[in-house]
Amino acid sequence: CVDDEKIILDSLEEQIASRLGREFDCELAEGGEEALEIIADLADEGRELAVVISDQLMPHMKGDEFLIKVHKSHPETLKILLTGQASIDAVRNAINNARLYRYVVKPWEENDLMLTVEEAARSYLQYLQLLEHNRLLRSLNRATQEISGEIDLQRLVNKFMQNVIDNTGAEKGFLIVEKE
């Protein structure tokens, strides 16, 4: 959450923590530069950035400019512009260059904003699941291609087990065959 007004940040943090605190952490910044530093630190730690909520009118860096910078480094992150004073040009700029997810007007209605944030967070999680499913499908496809032409049973079993180990991150694998 990025806003130059501390009271707004405190309110957002409280609302987000009460609705999403078990699943997500909430980071606060009082300006775009500070937020970009936090985002860089999160990336260095290997942490994901699901949603960014930003005010438009802030000193040193406007919200649309900040969201564009976030988009360049984290295009998959969902961006919400929360402001009472955004020009049409600023909103258009954020839509066109930062893939703005939603525009919410201050003062906001808590339930509406939290439903928007929850929806954005869930969309991000679905995006991550889709990436993982695609990775697994590619691995399965490669494994299928590797073993499909094998006619020697021992080599087939060896290739199969190696693919299982590679795709699960296991160190060893055992295949138990039961004969009747």
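The values are calculated or read from the model by the stated rules, or taken from the named source; none is laboratory data. No experiment lies behind these values; they were computed from the predicted model shown. Glycine also receives a Cβ, built like all others from the backbone with ideal geometry; neighbour counts cover every protein chain displayed. SASA here: full protein model, heavy atoms, side chains in, ligands and nucleic acids out. Shrake-Rupley method; radii C 1.70, N 1.55, O 1.52, S 1.80 Å.
Per the listing GLY173, GLY149, the residue uniquely exposed (fewer than 10 other Cβ atoms within 10 Å of the Cβ) and out of contact with any His (no Cβ under 9 Å at 6 or more places or on another chain) is GLY149. Restricting attention to segment 27-56, the residues that are part of a loop (DSSP other than H, G, I, E, B) and either open to solvent by less than 80 Å² (accessible area, probe 1.4 Å) or over 20 Å from ASP10 (Cβ atoms) (or both) add up to 11.
For segment 6-26, residues that are out of contact with any helix residue (DSSP H, G or I) (no Cβ under 6 Å at 6 or more places or on another chain), free of Cβ contacts under 8 Å to residues at least 40 places away in the same chain and open to solvent by less than 80 Å² (accessible area, probe 1.4 Å) total 6.
If only residues of segment 125-146 that are touching a residue at least 12 places away in the same chain (Cβ under 8 Å) and within 30 Å of VAL51 (Cα to Cα) are counted, the one that is least open to solvent (accessible area, probe 1.4 Å) is SER139. Is it true that LYS79 is open to solvent by less than 90 Å² (accessible area, probe 1.4 Å), modelled with pLDDT of 95 or more, of a type in the set (D, E, K, R) and touching a strand residue (DSSP E or B) at 6+ places or on another chain (Cβ under 7 Å)? Answer is yes for this residue.
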